[in-house]
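Participant: Here's a structure for you.
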Amino acid sequence: QLDATVVAASFAETEISSSVEQLWKDLLRDSVEINGEVLSGESFHGPDRIIGKLTQHILSSDASSQGNWKSDGKQSQINEAQAISYARDILLASDRTRSGGDSYYCAENLCLNRNLVVLVPSSTEAKPLSIKVSLCEQRDVGTDDICGWVSARISSDKPWKRQYLVLSRSVLSCYAEAEPKPHELVEHIMLQGANVGKLRKANKTTVPTTNVSSAGQIVTVSTKDGRSVREYLFKDEFDSLMWHASLLKSACSLGEGGEANGTMSASGLSNPSGTTFRETTTAVGAIVNVCTEYKLCTLDPSGIESEDTWAELRTTFVQKLSLTGGSDGRTFRGEKVVRLEVLQTADQESPLIASF
């Protein structure tokens, strides 16, 4: 049974800080591996070199996509200003404090027994934060394709239920389980021509909670025929904006002649119209890996390290992002995953692996 206080304080989705000054301070104390090249923040102009190298890889990957794809007038290129902004977003979305806190939370609660053991870092020197930037493999996937856990309900008088949503090609698929792949399908919702309402803040009435500030935002979606109405609750502001934009794009998906099937009205609902949308294609992907090793030690040490250390663990925080170009380009952040390996224990030597 997990400690309720620990659960409430950990994995809390908060707004990503946009302070470049704080980012510079963090980079001065860290090192980053970008596509195999390690850059130290302590070196001469370290933070500038890290941002510059990451920006360079984003631009070169996008340039490769431009060269590999036929020019049909729809592919939008990532410009230098966007690339710098994306480099900043990648580093802010996976800073050492956030990734380290989530990794420690998973490791500690897997071995939770504070009366018997304590979890400590196995080294005072952290391994470099690893970032890999490359061309997205699924080149036919548009910016409206997205997946993740949300809370959903069919009406305001019904309870909220956790669902794993997969939005692809204007079809919203709702699942009860996500691992090892989405299964236990709840329903499919066709979004072409659907009504997508404005984001609104949740309150104590819509989401009973003692901490209203963490309640998140709600969006209402009703199908074109009006038979299905669903409400979706997003705890993280970044996720809510990302999902809302994707739902709107799907509802206003391009028809023949490049015209959309719907657009935003003054009331915030999408209605049939002739508004044209510029198509933006996901071109560049980034994967962040942050590894940390821990020791599980007894609270009653004998002074002999081999006897006091019950197990050695390694956590790997993984964050995936997709970057798009053009006038409506943006950063799309995927699910955060913490992969945990039990490297060695007193009783077994083969590693155990779990993901959270």
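The values are calculated or read from the model by the stated rules, or taken from the named source; none is laboratory data. Because the structure is a prediction, the values reported are computed rather than measured. Cβ: placed from backbone, ideal geometry, glycine included. Neighbour counts: every protein chain shown. In case anyone asks, the SASA skips ligands and DNA or RNA and just uses the protein heavy atoms, side chains included. Shrake-Rupley method; radii C 1.70, N 1.55, O 1.52, S 1.80 Å.
This table checks each residue for (1) open to solvent by less than 20 Å² (accessible area, probe 1.4 Å); (2) out of contact with any Leu (no Cβ under 6 Å at 6 or more places or on another chain); (3) at pLDDT 90 or above; (4) on the phi < 0 side of the Ramachandran plot.
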residue	(1), (2), (3), (4)
Arg278	no, yes, no, yes
Val284	yes, no, no, yes
Glu307	no, yes, no, yes
Gln319	yes, yes, no, yes
Ser322	no, yes, no, yes
Gly334	no, yes, no, yes
Leu340	yes, yes, no, yes
Ser350	no, yes, no, yes
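Participant: Filter segment 317-337 for residues that are among the aliphatic types (A, V, I, L, M) and within 12 Å of the chain's Cα centre (by Cα); which is farthest from Ile58 (Cα to Cα)?
Facilitator: Applying the filter and picking the extreme gives Val337.
Participant: Here is a check on your reading of the model: is Ala107 closer than 30 Å to Ser43 by Cβ and hydrophobic (A, V, I, L, M, F, W, C)?
Facilitator: When the stated conditions are applied, Ala107 does not pass them.
Participant: Which residues, counting only those in segment 218-245, are open to solvent by less than 30 Å² (accessible area, probe 1.4 Å) and either basic (Lys, Arg) or in a strand (DSSP E or B) (or both)?
Facilitator: Matches in segment 218-245: Ile218, Val219, Val221, Ser222, Glu231, Tyr232, Leu233, Phe234.
Participant: Please state which one of Ser43, Ser61, Ser123, Ser103 is farther than 30 Å from Gln344 by Cβ and either part of a helix (DSSP H, G or I) or at pLDDT below 85 (or both). Show your work before the answer.
Facilitator: Working: Ser43 fails: either part of a helix (DSSP H, G or I) or at pLDDT below 85 (or both); Ser123 fails: farther than 30 Å from Gln344 by Cβ; Ser103 fails: farther than 30 Å from Gln344 by Cβ.
The conditions single out Ser61.
Participant: Now for a separate question. Do you know which residues across segment 162-180 are farther than 16 Å from Trp243 by Cα and either touching a Gly at 6+ places or on another chain (Cβ under 7 Å) or not in a strand (DSSP E or B) (or both)?
Facilitator: Ala178, Glu179, Pro180
Participant: Out of curiosity, is Lys132 open to solvent by 90 Å² or more (accessible area, probe 1.4 Å), part of a strand (DSSP E or B) and either modelled with pLDDT of 85 or more or out of contact with any strand residue (DSSP E or B) (no Cβ under 7 Å at 6 or more places or on another chain) (or both)? Give the steps one after another, and end with the answer.
Facilitator: Details: open to solvent by 90 Å² or more (accessible area, probe 1.4 Å): yes; part of a strand (DSSP E or B): yes; either modelled with pLDDT of 85 or more or out of contact with any strand residue (DSSP E or B) (no Cβ under 7 Å at 6 or more places or on another chain) (or both): yes.
So Lys132 passes the test.
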